[in-house]
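One structure below.
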Amino acid sequence: ADIRKFNLEQELEDFKLICHRIREAHSNNKGPKWLLVAVNKADLFFNSINDAQKYYHPDMDSPFSLVLKDTVSVIGKNRLGCVSVPVCSWETDFRWNNNIIESSISGTENQRALFIYLIKQISNLSSK
């Protein structure tokens with residue numbers, strides 16, 4: 001639990017910096033048109049994937065989502081499309097200091113479904 005909390009805090013600080021740079025780029029008319037947040041290692045939280053989506057989804061109220069919403073608000077929804085997508089690029093257990101979080105994605109069919117969803121979201125963002 002401590003490593004998870006630490007990682008979320010570091011991730012949030014990194015994301016704040018990324019969003020700051022995106023806002024700067026947009027102020028110079030050079031920013032991206034869309035932002036896709038790929039939430040990797042979905043195999044480790046597949047059974048609670050909705051909870052993860054609540055944390056990363058642009059329409060929620062988590063610390064991460066609030067940074068994202070603020071960035072979109074400053075830039076404008078029409079100028080920056082935004083989605084979050086769970087992904088699993090490699091199914092494997094996570095081991096840290098004698099702790100193991102087992103992969104729970106239950107095989108390649110679910111992994112492929114996540115990949116197809118990722119591709120559809122990229123296609124949707126790219127077509128706007």
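See the values below:
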{"item": "Filtered chymotrypsin sites (Phe, Trp or Tyr not before Pro), segment 1-93: DSSP coil and at most 10 other beta carbons within 10 Å", "result": "TRP90"}
{"item": "Global size of segment 20-72 as Cα Rg and Dmax, reported in angstrom", "result": "13.4, 42"}
{"item": "Accessible surface of the chain, 1.4 Å probe, proportion on carbon and sulfur as whole %", "result": "52"}
{"item": "Net +/- balance of residues flanking ARG112 in space, Cβ distance below 15 Å, scoring K and R +1, D and E -1", "result": "-2"}
{"item": "Accessible area in the full protein assembly, largest first, 1.4 Å probe, for ASP61, ASP43, ASP70", "result": "ASP61, ASP70, ASP43"}
{"item": "Value of Rg to Rh for the chain (Rh from inverse mean 1/r over Cα pairs, i.e. Kirkwood)", "result": "1.00"}
{"item": "Heavy-atom surface of segment 40-85, accessible at 1.4 Å and reported per residue (Å²)", "result": "52"}
{"item": "Percent antiparallel among DSSP beta bridges (both partners in the chain, rounded to 5)", "result": "35"}
{"item": "Per principal axis, descending, Cα span of segment 87-127 in whole Å", "result": "46, 20, 10"}
{"item": "Distance violations [Cα-Cα > 20 Å] among LYS16/LYS69; LYS16/LYS128; LYS16/LYS54; LYS41/LYS128", "result": "LYS16/LYS128; LYS41/LYS128"}
{"item": "Protection proxy ranking of 91-98, 20-27 - average other beta-carbon atoms within 10 Å, highest first", "result": "20-27, 91-98"}
{"item": "Tilt relative to the chain, helix 2-27 - C-alpha long axis, 0 to 90 degrees, to 10", "result": "20"}
{"item": "Principal-axis tilt of helix 63-75 within the chain, Cα atoms, nearest 10 degrees", "result": "20"}
{"item": "Distance from segment 20-43 to segment 94-128 (C-alpha centre basis), Å", "result": "20"}
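The values are calculated or read from the model by the stated rules, or taken from the named source; none is laboratory data. Note that this is a predicted model, so its numbers are computed, not measured. Positions of Cβ are generated from backbone atoms using ideal geometry, with glycine treated the same way; all protein chains shown enter the neighbour counts. Ligands, DNA and RNA are excluded from the accessible area calculation, which covers all protein heavy atoms including side chains. Shrake-Rupley method; radii C 1.70, N 1.55, O 1.52, S 1.80 Å.
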